[in-house]
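The values are calculated or read from the model by the stated rules, or taken from the named source; none is laboratory data. These figures come from a predicted structure and were not determined experimentally. Positions of Cβ are generated from backbone atoms using ideal geometry, with glycine treated the same way; all protein chains shown enter the neighbour counts. For accessibility, only protein heavy atoms count, side chains too; no ligands or nucleic acids. Shrake-Rupley method; radii C 1.70, N 1.55, O 1.52, S 1.80 Å.
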Amino acid sequence: MAARGRHRRYQPNRINRASLTVTAGGAGMALPLIGAGAAQAADVDTWNKVAACESTSRWHVNTGNGYYGGLQFAQSTWEAYGGARYAARADLATKDQQIAVAEKVLDGQGPGAWPECSERAGLTRGGDTPGIRPAGTTTKAAKTSVQDVQPQTTPQSRAGKAEMYTVVHGDTLSGIAEERKVRGGWRGLYAANRKAIGPDPDLILPGQRLALRGKAPAASPGTGQPATTPKTSPGKTSSARETADRDETSTTGRSLVSPVSSPTGTPYRKAGSSWSKGYHTGVDFPVATGTSVKSVGAGQVVSAGWAGSFGYQVVIRHSDGRYTQYAHLSAISVKAGQSVGAGQRIGRSGSTGNSTGPHLHFEVRTGPGFGADIDPVAYLRAGGVRI
C-alpha cells in the first residue's frame, strides 16, 4: 500500500497496494485474521500521517484502478472488514468511516497492511483509540497534526532573514524548487532542510516549513551527514549553475544511475511468443510493488500514463537523444513536459498491464515509441552503472 509520489505536484495515477495484497515478496493474498487478543488501535494523528503518505491526504480519491480513499483500500479489503456498512467504496465514505475500517484492518493484519507508510507514519499495534464517530458526520472537523494550511497564512521565520515556505497538500520538493527558483533545485532545497524533512526527500508533509535560501552546502545540525548540492564553478549565476549541472549529468562518462536497486531478471532480446516483436524489448528488474523507480538520467518526460500492455508507464527523453521507458508502474509521480534529474523518483513499480507479477520493465530507445529499442544494459553500463 505504499505508493507516494512526492517529487512533483501533479500525481495523476495514485495506485497503491491494497492491504489484501501484502506479502514479503510483493503481490499475494491475505485474509482477515480472527483470534483472541486485545484490539489494536491508532490515534487520528497517526492515521492522518498514513493518509498523507498513501494518498497525499486525499480521503475521497478514486483513480479508477481498484484502490480507493485516503488509506487506499482495495474493494475486497473494504468489504471484508465491514466497510460496506458505510459506503459502497472507501472513497465514498467519510474520513471517520475509513479510519474505522482501517482500525479493523490494523487489528487483523497489523501495520504490515501498509508496509512502507506505517513505518513512516509511526503506525504500530497498541496505540490510542482514534476517538472517531463513523456512524455520522461531525459538524466540526477534528484537529489533526497534518493540516491543509495555506502558505501565505503561515508566519515567516524570525531567525534572521531566511525566506520560508510552508508545505501544502500536493507539494513536492521539485515543484517548490522550480516555482520558487531555489538555488540548486530540489537537491539544494533538500540539503537546506534535511533535518526537517528526514532521510527520505520524497516524503514531505503539509505544515512543514522549509527554508528557501538556506546554506545548502552546509551539514544539517545534528544529522551527522553532510548536505549535498550540485557542484558549481565560482561566479556563475543560479540559472547558469543549474544548466551546467544538467549538462554535466547528461554528458559525463558516469552520468547514469540504475532505475531500481535490484539485479536484472528477464534479459533484453530473450526470444518468445509472449512478446509482440518475438523477443523481449527491454530488461526486467524483479522488485516488489511500491518500489521507488528513478530516472536513470536527466531529461524531459514525454509521456506519463496508461499504455495498454505496458500498463502505467513513463517515457523520458535525454540530452543524448535516447529515450528511456519505465513500465508496469503502480504509481506515477511526474507529468509530460516535466524536467527530471538523474536519480529523481518518477513513480513506483507495480504489475499493471500485461504482467505476470511485480517488476519494472525498462527500455532504452532511439525514438519515443515502441519498436526503437536498443540494449538497455549496455546503455546503463556505458553511463557508469554497474549491473
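Tell me the carbon and sulfur percent of the accessible area for the stretch 242-387, rounded to whole percent, probe radius 1.4 Å.
48 percent
Return the distance in nm (one decimal) between the two label points of a simple spin-label model at D320 and D375, each offset 7 Å from Cα along Cα→Cβ.
1.3 nm
Mind pulling up the Rg/Rh value for the stretch 258-311? Radius of gyration and Kirkwood radius, both on Cα.
0.98
Any idea how far the Cα center of the stretch 179-210 sits from the one of the stretch 71-109, in Å?
33 Å
Using only the Cα atoms of the stretch 345-387, what do you get for the radius of gyration and for Dmax, in Å?
When restricted to the Cα atoms of the stretch 345-387, Rg and Dmax are 12.4, 31 Å.
I'd like to compare 42-51, 348-357: which one has the highest average count of other Cβ atoms within 10 Å, and what's the full order after that?
Listed from highest to lowest mean packing, they are 42-51, 348-357.
Take peptides 280-286, 325-331, 255-261 and line them up by average Cβ neighbours within 10 Å, highest first, as a rough protection proxy.
So the order, starting with the most tightly packed, is 325-331, 280-286, 255-261.
Please compute the length gained on full extension between S273 and S309, using 0.36 nm multiplied by the number of residues separating them and subtracting their Cα-Cα distance.
In short, 11.5 nm is gained.
If I take the Cα coordinates of the stretch 291-387 and project them onto the principal axes, what are the three extents in Å, biggest first?
30, 26, 25
In whole angstrom, how far apart do the alpha carbon centroids of the stretch 261-302 and the stretch 369-387 sit?
Here the answer is 10 Å between Cα centres.
Which order do the peptides 171-177, 202-208 take when ranked by the mean count of other beta-carbon atoms within 10 Å per residue, highest first?
Result, highest mean first: 171-177, 202-208.
Take the alpha carbon atoms of the stretch 245-356, find their radius of gyration, then divide it by 2.2 N^0.38 Å using N residues; give the quotient.
So the stretch 245-356 has a normalised radius of gyration of 1.05.
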